[in-house]
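*Asks:* Questions regarding the structure given below will be posed in turn.
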Amino acid sequence: MARRKHHYYVYVIALDDKVWNEARFRRANPDYRFDKPCVYVGMTGLDPDLRFDRHKAGIQANRYVRDYGLRLVPELYEVFNPMPYRGAQDMEVELAIGLREAGYGVWQA
């Protein structure tokens, strides 16, 4: 049976600005610029659309995505996908760091 080599994805979800009311989110983003969006960065072996739906349904969900997730932001991640598991792990961290450095409010679990 042939296996797909690269079937892991990084993804970015826009979060409602109300997430800023969460103290843990504020502490994780001391350099947040209010002209930038708040986002969640994750990685998955599922299609990002399906993963987003699972977050919203409370299935293996991040609380911030479940409560504040608005939509996927493919322009921030599509260029990287798909990739091998280790690459996705590394890219999740790198993408979160890069967005945070650009002033985004970022949650990456």
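The values are calculated or read from the model by the stated rules, or taken from the named source; none is laboratory data. As the structure is a prediction and not an experimental result, all values here were calculated from the model. All Cβ positions, glycine included, derive from the backbone under ideal geometry; neighbour counts span all protein chains shown.
*Asks:* From R66, R26, grab the single residue that is at pLDDT 95 or above, over 13 Å from the mean Cα position of the chain (by Cα) and either surrounded by 19 or more Cβ atoms within 10 Å (Cβ to Cβ) or closer than 15 Å to D16 by Cβ (or both).
*Replies:* R26
*Asks:* Of the residues that sit in the stretch 82-109 and are over 13 Å from the mean Cα position of the chain (by Cα) and surrounded by 15 or more Cβ atoms within 10 Å (Cβ to Cβ), which one is nearest to P37 (Cα to Cα)?
*Replies:* So the residue we want is G103.
*Asks:* Pairs under 9 Å by beta carbon, first residue in contact (Cβ under 8 Å) with a residue 24 or more places away in the chain and closer than 15 Å to G87 by Cβ in the stretch 39-55, partner surrounded by fewer than 16 Cβ atoms within 10 Å (Cβ to Cβ) and polar (S, T, N, Q), six or more apart or different chains?
*Replies:* Within 9 Å, the pairs are M43/Q89.
*Asks:* Does A57 meet the test of being out of contact with any Asp or Glu (no Cβ under 6 Å at 6 or more places or on another chain), modelled with pLDDT under 95, surrounded by fewer than 16 Cβ atoms within 10 Å (Cβ to Cβ) and at negative phi?
*Replies:* So A57 does not fit the description; no.
*Asks:* Here's another thing I want to ask about it. Report whether or not G58 is touching a residue at least 12 places away in the same chain (Cβ under 8 Å) and farther than 13 Å from I13 by Cα.
*Replies:* Here the answer is no, as G58 does not meet what is asked.
*Asks:* Here is a further query. Mind listing whichever residues of the stretch 11-30 are out of contact with any strand residue (DSSP E or B) (no Cβ under 7 Å at 6 or more places or on another chain) and touching a residue at least 12 places away in the same chain (Cβ under 8 Å)?
*Replies:* K18, E22
*Asks:* L72 passes all but one of (1) surrounded by fewer than 20 Cβ atoms within 10 Å (Cβ to Cβ); (2) touching a residue at least 40 places away in the same chain (Cβ under 8 Å); (3) over 20 Å from F25 (Cα atoms); which number fails?
*Replies:* Going through the list (1) surrounded by fewer than 20 Cβ atoms within 10 Å (Cβ to Cβ); (2) touching a residue at least 40 places away in the same chain (Cβ under 8 Å); (3) over 20 Å from F25 (Cα atoms), L72 breaks only (3).
*Asks:* Right, here's the next one. Exactly one of (1) exposed (fewer than 15 other Cβ atoms within 10 Å of the Cβ); (2) free of Cβ contacts under 8 Å to residues at least 12 places away in the same chain; (3) on the phi < 0 side of the Ramachandran plot is unmet by R33. Its number?
*Replies:* (2)
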